[in-house]
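**Q** Take a look at the following structure, please.
The values are calculated or read from the model by the stated rules, or taken from the named source; none is laboratory data. Please read these numbers as outputs of a predicted model, since none were measured by experiment. Note that we place each Cβ from the backbone using ideal geometry, even for glycine, and neighbour counts take in every protein chain shown. Side chains are part of the model used for accessible areas, which takes the heavy atoms of the whole protein and leaves out ligands, DNA and RNA. Shrake-Rupley method; radii C 1.70, N 1.55, O 1.52, S 1.80 Å.
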Amino acid sequence: MFFSPVCTALNKYDQALLVATQVFVGIILAIRVYALWNRNKWILWLIILMALGFGGVAGWSIASAPDSDVTGEDGQCPEPGIAPQTAIRHAVAWDCMFAFDTIIFALTMVRGYRATRESGRRLSVPLVDVMLRDGAIYFL
């Protein structure tokens, strides 16, 4: 077994890339919901407060987690061993992202339902089909 600063740096880069990706996707989803709600300032403040709250808790959980044990054999960087305390802290960060995504999804569904109801007519395309189609665009 050996300890390599390169392996530690790669592990930190991997974690930073995950955080950057989640922040980017969260911003896109927040802008989309803000637009769906006709630029309602209350929705904007709700999203900002959620992002700050969940982001603060997630940042604290990642920053206060103990470093992972990055050791390997034969000069290769393995997956880092995660101590139980570190795993719990990482789970808290992912739970915050899940809660943010769930609330964004709920806001989207409520707005879609209200728009359908306010139109006074039945849409030719079911709301679920539109949601599935729009959600699939994120994976392209």
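**Q** State yes or no: is ALA51 in contact with a helix residue (DSSP H, G or I) (Cβ under 7 Å, 6 or more places away or on another chain) and modelled with pLDDT of 90 or more?
**A** yes
**Q** Mind checking which pairs have a first residue in the range 97-114 that is at pLDDT 90 or above and open to solvent by 40 Å² or more (accessible area, probe 1.4 Å) and a second that is in a helix (DSSP H, G or I) and not hydroxyl-bearing (Ser, Thr, Tyr), Cβ under 8 Å, 6 or more apart or different chains?
**A** Qualifying pairs under 8 Å: ILE103/MET50.
**Q** Of all residues in the range 2-46, which are surrounded by 14 or more Cβ atoms within 10 Å (Cβ to Cβ), hydroxyl-bearing (Ser, Thr, Tyr) and either in contact with a Cys (Cβ under 6 Å, 6 or more places away or on another chain) or assigned to a helix (DSSP H, G or I) (or both)?
**A** Result: THR8, TYR34.
**Q** Scanning the range 63-91 for residues that are in a helix (DSSP H, G or I) and surrounded by fewer than 17 Cβ atoms within 10 Å (Cβ to Cβ), which turns out modelled with the lowest pLDDT?
**A** PRO84
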